[in-house]
Amino acid sequence: MLFFRKNKKTQEEVKNITIETAPEVPAKTPEELKAEKAAAKAAAKEKAIAAYREKRDLTVAKFFEITEMELPQHLQHLADRSVENITADVRRLTENDIYFYWNMSVIDRDTATDLETPLDRSIEKKPMLIITDEPCDYPDTLQIVSDRPEHDAVRDIYLKALHYIRSIHRAKVIAVTGSIGKTSTKEMIESVIRQHYRNPLVSKGNNNSFFSISRNIQELKRPTNVYLQEVGAFSPRTIEMSARQLDCNMVVYTNISTPHRDQYGSVENTLKDKASLSDYGKDDGIAFVNYDDPMLMAYPFRQKKVTYSLKNPEAMYFAKDIEVSDDGYTFKIVTRGEDGTLTETEAEVHVLGEHNVLNAVVAWAVGQALKLDEEEILDGIDAYRPSGMRQNLIEANGYRVYADCYNSNQVAIENTLTAMDHMTLPEGGRRIAVLGDVLSLGDISEQIHREIGRTIKNHKVDKLICYANHMRYACEEAQKDGVDAVFFSDQQRPEMEEEIRRILRPEDVILFKASHVVNLGSTMDRLFGTDANESISIGHRQFRLVEEGGFEFYAFADGASVKTCLSEEESVVIPTHITAEVRDEYLDFQDLPGTEVRTLKVEKIGKTAFRNKAHVRHVELPSTLVRIRDGAFRGCGIEEIRIPEGTISIGREAFAHCENLKQVIIPDSVKDFGSALLKDSPQAVIVCREGSAAETYAKEHEYTVEYM
C-alpha cells in the first residue's frame, strides 16, 4: 500500500508567498445598469422577432413542410416563392396566394353561375398555386384525391396550414357564437378589451364565415394579445372547420334557436356544430354559457363551463336591480365566487334592449377571466355604443329612426319591440314598426311568422308595416288582433316607401327590423339619407363595379352610387340611372335566380367620387340624388354646385378644400349636414331659402349665406 504525504512549506517559505488580489472593479452607475438592462431586453426582443419571422414567413417549400407533404417535381420552381395568403375564397384571390378548392359544404355566395365554378374563376386570377380534388388544367396545380369516402383531404391540408399559423401566435382567442346576438355581444366584449389591450384583433361587423376567419387568422401579429372572433353557422360542419383553425381559449355562447333550420335540419344539429368551438378548443379553456338557454345548459361542454344570466341568481354571473332610462339601463352585476360569496358591482349601458344588460354581464365575466381591472371592464361597458344598422337609435332627416337591420329572428324581434316600448315619445308620437322576413326557417317559416304576428298585440305598436314574403303571415295574425297592419311584397318596395313617407310624422319613432339580406337598410337610406346600408354592402363586397358615362359606379341590388369620376373633362353630367347585372341575395333565399339585369337609380355620390379631381369645374348632379357622402368633393376644382331638390343629406367635409368653389346651392329638402362642410374653401357661400335647415346650419357654423 502506498501513502502520499502533502509537502509542507516552512514558515519562511509561507512568509515569502505573494498573494495577488484581483484588481478592484468600480461599481456600475445606475445609468449604466439601466442601459445594460435595456440592451439585454432589446437583444432578447430582436431574437424573439427573428424566431417568429422564421416560423411565420411562408415560402411554398415551407408550406409543404408544415402540411407534411412532399413538394412535387413539377412545382419545384415555386419553392422559394413567398406566400401572401392561403385562401379558399376566390373573391379575394391574388397572384401571390395558394388557392384551395374542394367539394366543400361551405356556401360560396359570390357570383358563380351554373357555367362557371369558383375553380374556373380562380384560374382567371392566376394564383401562385391551386390545390384541388378536381382535375384542373392550370399548370401550377396539385390535385389530391381522398383515399376514402367522406374525407376531404384538400380541406384537411387547408385546415392544417391555418392551424399552424394560429399556433405560432400567443394571442388568446375568444370566439362568440349563437343563433342571435352574436355581433352585439362581440362588440360589447370588444369595448371592454380595448380598455386594456392596445391592438387586439377583432372581426369586423358580422364577418363570421369560414372564409373570414381564415383571413383573420392570417392577420395575427406577434404582439397581438387577444383575438376576438364572431363565428356564424352556414351549413353543417362549417363551424367545426373554423374551430379547428381557431383553437379557442374562450367561447361565448349566446343562445340556440331556430335560424339555419333549413341548412342543419334541427336545432340539435346547429348546437352540435357550434359546440365544436369548445370541442376543438384549448384543454384549459372556458365556455361561457347562457344560463337562460335550456339547450345550452344541458350540453356537455368539454371546456370548463362558466354560466351567466340576465336575472337568474343560480348563474355564476347575473344582473339585478335593473332600471331603464331613455338611453339604456343601470343595474348591478352579481359575481358568485368559488366559495359561494356574492359580490355586487354597479354598471350602466347606454343602449336600449334589456338583452344588452345580458351582453354586459358576459362582457364582465370575460373581462374577469382575462384578469382585467374592474374599472377597465366597467369603463368598457359604459363606453359601448351601437353603430350602423344594429340597435342604433338615430336622428335622421328630422325623424327618430331605430335601425336594426343586421340580423333577425323571432327572439330578436321580440327584444327590439320591447326596447321600442320603453322609448319616451313627445305628445302625439307613434311607434311604427317595419318588419321584414326572418330567413333560413325552412318548413317552419309560416308557423314562426304567424307567432311573430300574434306577439305584436303585446307591444306598443301603433302601425305595423310588413315586408317581403313570409311576413304576410305575421300581418294576417296581427290584423286578427286589431293591430293597424299592412303588408307589401318584395315586389312592392316603392309602394312601401311611399306609404312610410305618407304616414310618418316628426314626433314618431320608426323601427326597421329585418335580416340584412332583406335589404330594408336601402329603404332606410333612401328615406332618411343615411348610408349605413351602403357601407355594410361595400364592406361585405356585395356590389358590382360598373363603368358608364365617364364614371365608375357601385351597383347594389336596389340602387347605385358614384364611386369615381373617370372623365378628364372640365364639365361632367352624372346620369340618373345606370343598367347593371346585380345580385339580390333575398331572391336566393326564395329559390329564385339571384342575378339579373336591373335599371338602378343613381342615389349617392361616394366618398371618393370627386376627391382631388382638380380638373373638374362643373358637375350636374342627378335628380335622383339622395345623399352626398363624406368628403365626396374634397379637393375638387368645382366652381359652383347645385344640389337637386329631393336630396336629403350631405356628409361631413363634402366640399372641403375646394379653392375655386364660390356657391353651394342647397334646396329645402336637405335636412342633415355633416361637420366642416366648407372647411378650407375660402370663397364658398351657402345659397338657400330663408328659414331652411341650410340657413340654420350655415349660421351655426359661421358660413356666409346668400338667399335664393
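Yes/no matrix, rows are residues, columns are (1) surrounded by fewer than 24 Cβ atoms within 10 Å (Cβ to Cβ); (2) under 19 Å from the mean Cα position of the chain (by Cα); (3) in contact (Cβ under 8 Å) with a residue 12 or more places away in the chain:
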position	(1), (2), (3)
Ile239	no, yes, yes
Asn249	yes, no, yes
Ser257	yes, no, yes
Leu277	no, no, yes
Asp284	yes, no, yes
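Quick one: is Thr647 more than 27 Å from the chain's Cα centre (by Cα), hydroxyl-bearing (Ser, Thr, Tyr) and not in a loop (DSSP other than H, G, I, E, B)? If you could, list the steps in order and put the result at the bottom.
Values: more than 27 Å from the chain's Cα centre (by Cα): yes; hydroxyl-bearing (Ser, Thr, Tyr): yes; not in a loop (DSSP other than H, G, I, E, B): no.
Criteria not met by Thr647.
Please specify each residue of the stretch 246-275 satisfying the condition of being more than 18 Å from Pro294 (Cβ to Cβ), assigned to a helix (DSSP H, G or I) and at pLDDT below 95.
Result: Asp262, Gln263, Tyr264, Asp273.
If I ask for residues that are more than 18 Å from Val619 (Cα to Cα), hydroxyl-bearing (Ser, Thr, Tyr) and surrounded by 17 or more Cβ atoms within 10 Å (Cβ to Cβ), which ones from the stretch 650-689 would you list?
Ser669
Working carefully through the options Tyr164, Tyr197, find the one that is outside the structural domain of Val289 (by TED's automatic domain parsing) and either crowded, with 22+ Cβ neighbours inside 10 Å or in contact (Cβ under 8 Å) with a residue 12 or more places away in the chain (or both). Write out each step before concluding.
Working: Tyr197 fails: outside the structural domain of Val289 (by TED's automatic domain parsing).
Only one candidate qualifies: Tyr164.
Considering only the stretch 484-508, state which residues are touching a Lys or Arg at 6+ places or on another chain (Cβ under 8 Å), surrounded by fewer than 19 Cβ atoms within 10 Å (Cβ to Cβ) and part of a loop (DSSP other than H, G, I, E, B).
The answer is Asp484, Arg505, Glu507.
For the stretch 650-666, name all the residues that are in a loop (DSSP other than H, G, I, E, B) and out of contact with any Cys (no Cβ under 9 Å at 6 or more places or on another chain). Steps first, answer last, please.
Within the stretch 650-666, the subset in a loop (DSSP other than H, G, I, E, B) is 651-662, 666.
Matches in the stretch 650-666: Gly651, Arg652, Glu653, Ala654, Ala656, Glu659, Lys662.
For the stretch 421-438, give me each residue that is assigned to a loop (DSSP other than H, G, I, E, B) and of a type in the set (A, V, I, L, M). Write out each step before concluding.
First, pick out the residues of the stretch 421-438 that are assigned to a loop (DSSP other than H, G, I, E, B): 422-430, 437-438.
Listed by number, the residues that qualify are Met423, Leu425, Val438.
Has the stretch 404-414 got any residue that is over 21 Å from the mean Cα position of the chain (by Cα) and under 25 Å from Arg505 (Cα atoms)?
Yes, because at least one residue in the stretch 404-414 is over 21 Å from the mean Cα position of the chain (by Cα) and under 25 Å from Arg505 (Cα atoms).
Restricting to the stretch 443-483, and then to whatever is part of a helix (DSSP H, G or I) and among the polar types (S, T, N, Q), can you tell me which residue is surrounded by the most Cβ atoms within 10 Å (Cβ to Cβ)? Don't jump to the end; show me each part of the working.
Initial filter on the stretch 443-483 (part of a helix (DSSP H, G or I)): 443-458, 471-480.
Subsequent filtering for residues that are among the polar types (S, T, N, Q) retains 445, 447, 455, 458, 479.
Values: Ser445: 19, Gln447: 12, Thr455: 17, Asn458: 12, Gln479: 17.
It comes out as Ser445.
Only one residue in Ser440, Ser408 is among the polar types (S, T, N, Q), in contact with a Ser or Thr (Cβ under 6 Å, 6 or more places away or on another chain) and either surrounded by 15 or more Cβ atoms within 10 Å (Cβ to Cβ) or not assigned by TED's automatic domain parsing to the domain that holds Val509 (or both), so which one is that? Spell out the reasoning first.
Numbers: Ser440 fails: in contact with a Ser or Thr (Cβ under 6 Å, 6 or more places away or on another chain).
One residue alone meets the criteria, Ser408.
Among the residues of the stretch 393-415, which ones are more than 18 Å from Glu451 (Cα to Cα), outside any loop (DSSP other than H, G, I, E, B) and in contact (Cβ under 8 Å) with a residue 40 or more places away in the chain?
Result: Leu393, Ile394, Ala396, Tyr399, Arg400, Val401, Tyr402, Ala403, Asp404.
So which of Val572, Val582 is under 16 Å from Cys636 (Cα atoms), in contact (Cβ under 8 Å) with a residue 12 or more places away in the chain and surrounded by 16 or more Cβ atoms within 10 Å (Cβ to Cβ)? First the steps, then the outcome.
Numbers: Val582 fails: under 16 Å from Cys636 (Cα atoms).
Val572 is the lone residue from the list that is under 16 Å from Cys636 (Cα atoms), in contact (Cβ under 8 Å) with a residue 12 or more places away in the chain and surrounded by 16 or more Cβ atoms within 10 Å (Cβ to Cβ).
Scan the stretch 585-629 for residues that are surrounded by fewer than 16 Cβ atoms within 10 Å (Cβ to Cβ), of a type in the set (A, V, I, L, M) and either assigned by TED's automatic domain parsing to the domain that holds Cys405 or part of a loop (DSSP other than H, G, I, E, B) (or both) and report the count.
Residues that pass the stated criteria total 2.
Please determine whether any residue of the stretch 340-359 is more than 25 Å from Lys513 (Cβ to Cβ), outside the structural domain of Gly436 (by TED's automatic domain parsing), in contact (Cβ under 8 Å) with a residue 40 or more places away in the chain and outside any loop (DSSP other than H, G, I, E, B).
For the stretch 340-359, residues more than 25 Å from Lys513 (Cβ to Cβ), outside the structural domain of Gly436 (by TED's automatic domain parsing), in contact (Cβ under 8 Å) with a residue 40 or more places away in the chain and outside any loop (DSSP other than H, G, I, E, B): absent.
Of (1) out of contact with any helix residue (DSSP H, G or I) (no Cβ under 8 Å at 6 or more places or on another chain); (2) modelled with pLDDT of 80 or more; (3) in a loop (DSSP other than H, G, I, E, B), Leu71 satisfies all except one. Which?
(1) is the only condition that Leu71 fails.
Go through (1) at pLDDT below 95; (2) in the same structural domain as Val226 (by TED's automatic domain parsing); (3) over 24 Å from the mean Cα position of the chain (by Cα) and name the single condition Gln368 misses.
It is condition (1) that Gln368 fails.
So which residues in the stretch 213-237 are over 30 Å from Glu46 (Cβ atoms) and either without any contact (Cβ under 8 Å) to a residue 40 or more places away in the chain or part of a strand (DSSP E or B) (or both)?
Step one: of the stretch 213-237, the residues over 30 Å from Glu46 (Cβ atoms) are 213-214, 229-237.
Residues satisfying the conditions are Ile213, Gln229, Glu230.
The values are calculated or read from the model by the stated rules, or taken from the named source; none is laboratory data. Worth saying up front: this structure is predicted, and the values here are computed from it rather than measured. Here the Cβ is made from the backbone with ideal geometry for all residues, glycine too, and neighbour counts use every protein chain on show.
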